Amino acid sequence: MLTGLAPPTPASVSTPVSPDLTLARLKRQSDIGLHGGMCDIRDLAAVSPDMLLVSNYSKQCVQLLDCLKGNVVSEVQLQDYPYRACLTDSNTAAVQLKGRRIQMIKVKDNTLTKGRELTVSEDVYGLTSSRNSLVVSYQSRPWLEVISMEGKVLHQLDKSGKSQHFKDPLFMCTTPGGSVFISDYGTDTITKVDAQLNILQTFTSPLLQWPRGITAVTEDEILVCSQGNNSLMLLQPSTDTMSTLLGEDDGIRYPYSLTYCPDQKKVYVATSYPDTIKVYQVL
């Protein structure tokens, strides 16, 4: 049992993927090569059926990537290095910058432009959006906040750090119903919280190693990058189970971040090495 955590909900060591799930089968498609020199993708989000928003750390910018052609169609240079990125609505994205800043990015007619910038209380670690608000994790002490789009704090979880719910809450995602899942690579756990940051469930499994990127396909299908064993995990909260969905034989190597496009029914996985985006079609 992990020190300071509520008892984790048991997850099975190996569970076959049920045939009635959305993700019953994934077929590998052609990789998206990243042109124009060295890239270091820290996060990505599906903006439209054919466009991905990419936070490019090495080039210190946010890019709009055409998934079909593999070309960057728009780019915004930033004042600092970008990390996490998420959509707040169909025309707006939030991008975490190094330090205490969150940069809003407007997305219109396949063009990116800078919006306002928010300043938060401490260095940001993870970022997602939920119900017209932002959910932010912090590295110091580690803890979570829900803030409004104007920067007002609405809810907090464990600001004192005394209960030690988290250690490295690096990535977060939001389900269609508004629940938030946090991957913690320091404890090899996934935690589910509600919109007010009440902890609902904690999941762990021997199959999960160094979890990074996380995304929700449905309310009961959560995909997690398990970087420690080069695999893509499927978490099914309703049955408290995790299973390996994709592995090295499927092209998964050093998975870092990912996103799901419901319109195209595709999963995009950014890997640390080599610098490519893996594409998988849901059948």
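The values are calculated or read from the model by the stated rules, or taken from the named source; none is laboratory data. Model, not experiment: these values are computed from the prediction. Cβ coordinates were reconstructed from backbone atoms using ideal geometry, including for glycine residues, and neighbour counts include every protein chain displayed. Protein only, heavy atoms only, side chains kept; ligands, DNA and RNA dropped before computing areas. Shrake-Rupley method; radii C 1.70, N 1.55, O 1.52, S 1.80 Å.
What the table shows:
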{"quantity": "Sites residue 198 and residue 264 - FRET efficiency at Förster radius 35 Å, r taken between beta-carbons, to 0.05", "calculated": "0.55"}
{"quantity": "Cα gyration tensor shape of the chain, rounded if a/c is under 1.5, else prolate or oblate by comparing a/b with b/c", "calculated": "oblate"}
{"quantity": "Probe 1.4 Å - accessible area at residue 248, Å² to nearest ten", "calculated": "120"}
{"quantity": "Gain in span if fully extended, residue 116 to residue 60, counting 0.36 nm per residue against the direct Cα distance", "calculated": "18.4 nm"}
{"quantity": "Nearest-0.05 FRET efficiency for residue 140 and residue 48, computed from C-beta distance (R0 30 Å)", "calculated": "0.25"}
{"quantity": "With DNA, RNA and ligands ignored, accessible area of residue 26 (1.4 Å probe; Å², nearest 10)", "calculated": "40"}
{"quantity": "Karplus-derived HN-Hα couplings along the stretch 196-207 (A = 6.51, B = -1.76, C = 1.60, θ = phi - 60°), whole Hz, x at Gly and Pro", "calculated": "9, 6, 6, 6, 9, 8, 10, 10, 8, 6, x, 6"}
{"quantity": "Reach of residue 159 by Cα under 30 Å, taken over lysines that are not fewer than 8 positions away in the same chain", "calculated": "98, 167, 192"}
{"quantity": "Computed FRET value (nearest 0.05) for residue 131 with residue 249, which takes r as the C-beta separation and R₀ as 41 Å", "calculated": "0.55"}
{"quantity": "Rough spin-label spacing in nm, given labels placed 7 Å along Cα→Cβ, for residue 159 and residue 239", "calculated": "4.1"}
{"quantity": "J(HN,Hα) series, the stretch 226-238, from Karplus relation 6.51 cos²θ - 1.76 cosθ + 1.60, nearest Hz, glycine and proline x", "calculated": "9, 5, x, 10, 6, 8, 10, 9, 10, 9, 10, x, 5"}
{"quantity": "Candidate lysines - alpha carbon under 27 Å from residue 27, same-chain residues fewer than 8 apart omitted", "calculated": "69, 265, 266, 278"}
